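Presented below is the structure to which this report refers.
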């Protein structure tokens with residue numbers, strides 16, 4: 001049935017009947033939003049802090065991670081399952097993009113691991129010289145190009161990173177390498193907050209909210225370079 005239309009002042013104004021939410025409708029909508037928000041709060045941290053190892057002899061460590069993650073990387077290496085460890089990362093904070101290979105997160109991570117007792121011939125730093133945005137993707141591209149330049153054939157890797165950065169790291173590494181590379185991911189929990197109660201800690205709120213936004217950007221808005229293109 002068509003809505004009734006009332007006209008006034010020679011048709012200059014009209015009034016139409018329309019459907020709208022009732023009090024019960026608004027209550028149901030509010031309930032859905034509250035339950036959805038609660039579900040997000042309870043599940044977003046483990047979703048972002050993904051750990052899914054693959055069977056590989058190659059470990060990649062994001063060099064920018066803090067010491068608690070590097071210590072976990074050391075434990076991972078000492079397990080004896082890896083034949084080679086690659087550290088990645090771009091210019092360190094404050095360098096303003098003007099840097100050399102030894103002023104990058106890749107170099108810092110490699111140096112820490114060697115000083116901690118990892119044999120130097122086991123560790124290979126692969127620096128990126130891209131500063132600013134999309135640093136994780138740029139680091140993955142740098143590693144991809146290093147493999148190609150040095151004629152290293154790798155079918156799968158495990159990438160170790162911090163906490164809720166993990167899912168985005170895996171996504172961007174997969175984008176850089178394409179379907180020919182299997183990307184495993186290892187998330188190292190941040191000791192500064194309890195994952196199941198992340199909203200009670202300023203560190204947890206900052207990291208989870210920031211990575212949630214960054215993951216949405218990486219998954220839906222970021223347009224990466226296709227494998228085989230120019231860096």
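FYI, it's all coordinate maths here, none of it is from the lab. A quick note: this is a predicted structure, and the numbers were derived from the prediction, not measured. Quick reminder, even Gly has a Cβ in these numbers, built from the backbone with ideal geometry, and neighbours come from all protein chains shown.
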Label point distance in nm, residue 92-residue 41, each placed 7 Å from Cα along Cα→Cβ: 4.0 nm
Order by neighbour count: 88, 169, fewest other Cβ atoms within 10 Å first, most last. 169, 88
Using 1/(1 + (r/R0)^6) with R0 = 30 angstrom and r between the beta carbons of residue 206 and residue 74, what's the FRET efficiency to the nearest 0.05? 0.70
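Which number do you get for Rg(Cα) / (2.2 N^0.38 Å) in the chain?
Numbers: Rg = 24.4 Å, N = 231, 2.2 N^0.38 = 17.4 Å.
Against the compact-globule rule of thumb, the ratio is 1.40.
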Pulled fully out, how much extra length does the chain show between residue 22 and residue 51, if you take 0.36 nm times their separation in residues and subtract their Cα-Cα distance? 5.9 nm
By its C-alpha gyration tensor, with a ≥ b ≥ c as the square roots of the eigenvalues, how is segment 176-219 shaped: rounded for a/c under 1.5, else prolate for a/b larger than b/c, else oblate? oblate
Taking the number of other C-beta atoms within 10 Å as the exposure measure, put 55, 163, 134 in order starting with the fewest. 55, 134, 163
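For the chain, what is the calculated [θ] at 222 nm in deg cm²/dmol (nearest 500), taking -39500 (n - 2.57) for each run of four or more DSSP H residues and dividing by its residue count?
On the way: 6 runs with 91 residues, N = 231.
Using -39500 (n - 2.57) per qualifying helix, the result is -13000 deg cm²/dmol.
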Segment 132-207 shape via C-alpha gyration tensor axes, a/c threshold 1.5: prolate
Please compute, for the alpha-carbon atoms of segment 39-153, the extent along each of the three principal axes and give them in descending order in Å. 45, 36, 28
Neighbour-count order for 162, 182, fewest beta carbons within 10 angstrom listed first: 182, 162
Express in nm, to one decimal, how much length is gained between residue 115 and residue 133 on full extension, taking 0.36 nm for each residue of separation and deducting their alpha carbon distance. 3.5 nm
